[in-house]
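The values are calculated or read from the model by the stated rules, or taken from the named source; none is laboratory data. Worth saying up front: this structure is predicted, and the values here are computed from it rather than measured. Counting neighbours? That spans all protein chains shown, and the Cβs are built from the backbone with ideal geometry, glycine included. Just the protein is used for accessible areas: all its heavy atoms, side chains included, with ligands, DNA and RNA removed. Shrake-Rupley method; radii C 1.70, N 1.55, O 1.52, S 1.80 Å.
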Amino acid sequence: MKKTAYFLITIVLIFSSACSATGVKVEGINEFNDYIIELEGESVAQKKANLTVPGFEILQQGEIFRHVKNLEQKRSYVKNQIEDILRGGRLEITEETTVTHEFEYLFNGMAVSNISVTEAELIENIEGIKKVWVDEKVEISLTASVPLIQEGIAAGKLDIYGDNCDVSAEGCLTGEGVKIAILDTGVNYGHADFGGCTTEAFLNKQ
């Protein structure tokens, strides 16, 4: 359950900042994508959660430090292997066609931009890589959900009486000029899925 929560939270954060790849043509391969690479081993948050034992904080901090260094070494090895694969089929590697982001706290992995399906398959065979996922651009559409809520009336077609404005000839409700407020109670950083952080540790940025 913890691993699933970490993965889903991180993927949402990653997707929210992802951009679509433009792509270039290399030896007949036209389709290029961005990819999320999941590495083997626990993330830092997972390690912290599994080590949380009251009274052993100092020992646990040392173990976390060693774990972070180990992740850095493995990530460096994988990154070099990825760049070797990309060099094998390209004249040059730019900042847009290599590892663009590295993650270790909630998610143990990295992001690679603008690579082909063939390159992604080769990368997935690198030792230390658990899985390679296509980082697809996700667009939210209300065309299916809104009619279910509005008894078959499409989005943007509701009048003030709850009828279809195209049929009633009444003005369609657009939301223009309506003020809304979003109340957010924040994140429960003490939850076990976030590493079981205490108030003191949170305030001290540990």
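Structure above, values below:
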| quantity | calculated |
| --- | --- |
| Filter result (assigned to a loop (DSSP other than H, G, I, E, B), open to solvent by less than 40 Å² (accessible area, probe 1.4 Å), in contact with a strand residue (DSSP E or B) (Cβ under 6 Å, 6 or more places away or on another chain) and more than 22 Å from A45 (Cα to Cα)) within the range 94-152 | D135 |
| Scan of the range 114-137 for residues that are of a type in the set (A, V, I, L, M, F, W, C) and at pLDDT 85 or above, ordered by number | V117, A120, L122, I123, I126, I129, V132, W133, V134 |
| Residue under evaluation K69, criteria (1) open to solvent by 70 Å² or more (accessible area, probe 1.4 Å); (2) of a type outside the set (A, V, I, L, M, F, W, C); (3) in a loop (DSSP other than H, G, I, E, B); (4) modelled with pLDDT of 70 or more, criterion not met | (3) |
| Selection count where residues are modelled with pLDDT of 85 or more and aliphatic (A, V, I, L, M), scope the range 45-66 | 2 |
| Tally, over the range 151-175, of residues that are within 21 Å of S141 (Cα to Cα) and among the β-branched types (V, I, T) | 2 |
| Residues within the range 153-186 that are closer than 30 Å to G109 by Cβ and open to solvent by 60 Å² or more (accessible area, probe 1.4 Å), tallied | 2 |
| Qualifying residue in the range 75-91 (condition: assigned to a loop (DSSP other than H, G, I, E, B), at pLDDT below 90 and open to solvent by 40 Å² or more (accessible area, probe 1.4 Å)) | yes |
